[in-house]
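Notes follow the structure.
FYI, it's all coordinate maths here, none of it is from the lab. Every value quoted in this text rests on a predicted model; they were computed, and no experiment measured them. When we count neighbours, we look across all protein chains shown, and the Cβ atoms used for this are built from the backbone with ideal geometry, even at glycine.
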Amino acid sequence: MFDIDDAVDFDRDVAPIFASRCTSCHAGASALGGLRLDNEFAHGASVRVRSSGSPDLLRVEPFNPAASLLWLKLNCDQPPSGSRMPLGMPALSPGERRAIFSWISRGAPAGLGGSSQFTSVDSTISGTWFDPSAPGQGIFLEVIQADPPGLLLNWATFAPETVVESGNRIVEHEKRWYVGIGELDPARGSANVGVFESSGGLFDSGALAASDSPVGTAEVYFHSCNSASLIYDIELPVGEERRRFARSIALNRLSPSPTCEAGRINVPPPANPL
Ligand code: HEC
């Protein structure tokens, strides 16, 4: 339908469309359809939030415009519920629709412009992060000080669906360890990493060397010292087949970094006025 613009950013490219074309009806406590699209609410109110008009659909389903009510309402005259948006007004331009299509197709990440104020991300961002909706699974992110700088990701998690059963009771999901490594763009506060699965090692032994096999890619976006997004697109074995897992998750820092200043990293101190 549209080719995907890889550089699309929610704050810079999508939020302004909502602000100019949608907030006359979708702002404030009495927003129509129960949907707020004013700046600080737009991302949280749309991504992975169930529609009030078609409860079996999400307003925005990351990676999947065709299943996202917000997209369907911009692009067909008879969406699954209600009317085409913006209601009673000319449709969005192809450029505006391409931005929204690209944003959803790329996993609907939060933006960098408004929420991220990084002048430059450095190693003070390193630490332990987690997805609040999946406690007990940690992601260690470490900035590698090199030229160019890199980001190392260690993801301690579990296998999809594979279980060790005892009788008919699930006692344990297999543990998995994924490793990602890639270049960090300090100015954008983001990194593209290749993701690998480590296997073959043996506890407390150097006799068997672990090896890494590629499973996909991920992008990490740092929004502040304490919040980041992880967008992953990986293929993992489930039973006999390989299945694709593509999602965007919010990451929070487990414990604050004393050297990372709230919302800003490596910002030079204000010039001495004297
Ligand atoms: C003139 C008022 C008006 C404007 C402008 C408008 N909308 Fe709406 N919107 C509505 C009304 C009324 C509803 C509830 C009925 C419906 O779903 O059609 C709604 C519902 C929606 C819903 C469904 C919410 C849900 O949870 O089911 C989405 C998504 C939506 N609008 C997106 C947009 C977008 C994106 C824009 C801007 C491009 C926009 N709207 C502009 C009036 C408007």
Spin-label pair S120/A156, simplified geometry with 7 Å Cα→Cβ offset, distance in nm: 3.3 nm
Placing each pseudo-label 7 Å from Cα in the direction of the beta carbon, I4 and L254 end up separated by a distance in nanometres of 3.1 nm
Dividing the helical contributions, -39500 (n - 2.57) per DSSP H run of n ≥ 4, by the residues of the chain yields a 222 nm value, nearest 500 deg cm²/dmol, of -3500 deg cm²/dmol
Determine the gain in length on full extension of the stretch A134-W177; use 0.36 nm per residue of separation and subtract their C-alpha separation, reporting nm with one decimal. 13.9 nm
Label R84 and S20 with points 7 Å out from Cα along Cα→Cβ: what is the distance between them in nm? 2.0 nm
If you check each cysteine of the chain for another cysteine whose beta-carbon is under 4.7 Å away, which ones come up empty? C22, C25, C76
Whole-angstrom Cα spans of the chain along principal axes, big to small: 72, 70, 33
Would you work out if region 10-105 is rounded, prolate or oblate? Take a ≥ b ≥ c from the square roots of the eigenvalues of the alpha-carbon gyration tensor; rounded if a/c is under 1.5, else prolate when a/b is larger than b/c, oblate otherwise. rounded
Net charge, A146 excluded, C-beta distance under 13 Å - Lys, Arg +1, Asp, Glu -1: -4
